[in-house]
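The structure appears right after this line, and notes come after that.
Every number in this text was worked out from the coordinates using simple rules, so none of it is lab data. Everything quoted here is computed from the prediction, not taken from an experiment. Here Cβ is always computed from backbone atoms with ideal geometry, including for glycine, and neighbour counts include all displayed protein chains.
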Amino acid sequence: MRKIIISNFKMNTVPSDMKAYSMQLATKTAGSKNKIIVCPPYTHFCIAKQFLDGSKIEIGAQNVSDVEAGKNTGEISASMLKDAGVTYCIIGHSERRSKFKESDRLINKKIKMALSQGLKVILCIGEDKVTREAKGACAFVKNQLDDALKGIYENELESVIIAYEPIWAIGTGKTATLKDIEKMVGVLRKEIAYLYNDKTKINIVYGGSIDINNYKKIISLPCLDGALIGGASLDVDNFSVIARENY
Ligand code: PEP
C-alpha cells in the first residue's frame, strides 16, 4: 500500500548537510511508490531543491506565518515558501503550540493562509500525558480538529494531511500502542465525517518515536496513511529504509 512518509528535522543539521542527504535519499528511494516529504529548516530549502530535483520527493516547511507580508520580522510567508519550491508546511506542531504559545485560532489562520497560497498542510493534532491520563484524549483531539478546520471547505481537505502526534510519544522513545493509534485515528475520522460527511476523505499519519525498529508494524496499520518521523529522519540510511518500504 502506498503511504505518505514525512520527515521533520526540527532545528537540527546545517545547510551543508543537505546536499549529501538529498542525493542519498533520492538514490535510495528511487522507484518507491510512497509519497516522501522532507521538512528541513528554511535555510536548507535551496540546496534540497537543487539536489532533489528530478526525484518525486517533496519539500515541506516546519511552520508558516498566518499573514501574507509586511512588518513581521523573523516570520516566513506562504508565498515565500511556495516560491522556494516548498509544497507542504507543518502547522500546529506540539513544539510550536507549547513553546511558542500557538493557539488553535492562530493555527486555523495559518491553515487558511497556506491553502490560499497553494501550499498543502500537515496539521499536527495530539494530546499531552495529563489529558490522556485523565481520559480526556478523545475530546481533546476532537476540539483541536474542530478549531483547526473552522471555515475549511471539504474540497480543501485533499490538501490537508492530519498528523496524529500524541505529545507524550514525541521524542520520548515510547510510541503509542497500535490499539491507541487505531482508536485515536478512528476518533479523528469520525469527527471528519461529523464535520463534513461520511464520504469525506482525509489522509491521517501517525508521529511519535517511530524508528528503524518499530516503523513497519505502525506504518502498516490499515487505518494509517503514513507517518511523520522526527529524530529517526536525521539518519538518511534509516529514513530511506522507512521511506522506500513497500507497506
Ligand atoms: C515530530 O517531531 O513530530 C516527531 C514525531 O518526532 P519523533 O519521531 O522524534 O518522536
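Scanning segment 189-217 for residues that are assigned to a helix (DSSP H, G or I), farther than 16 Å from residue 8 by Cβ and either within 15 Å of the ligand (Cβ to nearest atom) or of a type in the set (D, E, K, R) (or both) returns 189, 190, 191, 216, 217.
The sole residue among 62, 24 that is under 25 Å from residue 238 (Cβ atoms), surrounded by fewer than 16 Cβ atoms within 10 Å (Cβ to Cβ) and not acidic (Asp, Glu) is 24.
Number of residues in segment 218-231 that are part of a helix (DSSP H, G or I) and aliphatic (A, V, I, L, M): the value is 2.
Here 177, 131 are screened, and the one residue that is at negative phi, without any contact (Cβ under 8 Å) to a residue 12 or more places away in the chain and touching a helix residue (DSSP H, G or I) at 6+ places or on another chain (Cβ under 6 Å) is 131.
Please go through segment 190-222 and pick out each residue that is farther than 24 Å from residue 29 by Cα, out of contact with any strand residue (DSSP E or B) (no Cβ under 7 Å at 6 or more places or on another chain) and surrounded by 16 or more Cβ atoms within 10 Å (Cβ to Cβ).
Of everything in segment 190-222, those that are farther than 24 Å from residue 29 by Cα, out of contact with any strand residue (DSSP E or B) (no Cβ under 7 Å at 6 or more places or on another chain) and surrounded by 16 or more Cβ atoms within 10 Å (Cβ to Cβ) turn out to be 191, 192, 195, 196.
Might you check whether a residue that is near the ligand (Cβ under 10 Å from one of its atoms), of a type in the set (Asp, Glu) and either surrounded by fewer than 21 Cβ atoms within 10 Å (Cβ to Cβ) or within 16 Å of residue 144 (Cβ to Cβ) (or both) occurs anywhere in segment 226-237? There is no residue in segment 226-237 that is near the ligand (Cβ under 10 Å from one of its atoms), of a type in the set (Asp, Glu) and either surrounded by fewer than 21 Cβ atoms within 10 Å (Cβ to Cβ) or within 16 Å of residue 144 (Cβ to Cβ) (or both). Whenever a residue of segment 202-217 is over 27 Å from residue 121 (Cβ atoms), its partners that are near the ligand (Cβ under 10 Å from one of its atoms) and part of a helix (DSSP H, G or I), lying with C-beta atoms within less than 9 angstrom and at least six residues away or across chains, give the pairs 212/232.
Each residue in segment 1-39 was checked for being within 16 Å of the ligand (Cβ to nearest atom), closer than 16 Å to residue 227 by Cβ and part of a loop (DSSP other than H, G, I, E, B), and 5 of them qualify.
Note on segment 100-123: among residues that are of a type in the set (D, E, K, R) and farther than 13 Å from residue 157 by Cα, the one that is surrounded by the most Cβ atoms within 10 Å (Cβ to Cβ) is 110.
Scanning segment 55-76 for residues that are within 18 Å of residue 21 (Cα to Cα) and without any contact (Cβ under 8 Å) to a residue 60 or more places away in the chain turns up 55, 56, 57, 58, 59, 61, 62. Look at (1) over 16 Å from the mean Cα position of the chain (by Cα); (2) hydroxyl-bearing (Ser, Thr, Tyr); (3) crowded, with 18+ Cβ neighbours inside 10 Å and you find that residue 172 fails only one, number (3). Checking each residue of segment 92-105 against the condition of being closer than 26 Å to residue 200 by Cα and basic (Lys, Arg) gives at least one match.
When residues in segment 60-84 are screened for being closer than 12 Å to residue 119 by Cβ, in contact with a strand residue (DSSP E or B) (Cβ under 6 Å, 6 or more places away or on another chain) and not in a helix (DSSP H, G or I), 3 of them pass. As a summary of the residue check, residue 152 satisfies the conditions (1) touching a strand residue (DSSP E or B) at 6+ places or on another chain (Cβ under 9 Å); (2) exposed (fewer than 15 other Cβ atoms within 10 Å of the Cβ) except for the one numbered (2).
Counting residues in segment 142-153 that are among the polar types (S, T, N, Q), under 30 Å from residue 116 (Cβ atoms) and within 16 Å of the ligand (Cβ to nearest atom) gives one or more.
In segment 1-19, the residues that are closer than 16 Å to residue 52 by Cα reach residues that are within 16 Å of the ligand (Cβ to nearest atom) and of a type in the set (Phe, Trp, Tyr) with C-beta atoms within less than 7 angstrom, at least six apart or across chains, in these pairs: 7/239.
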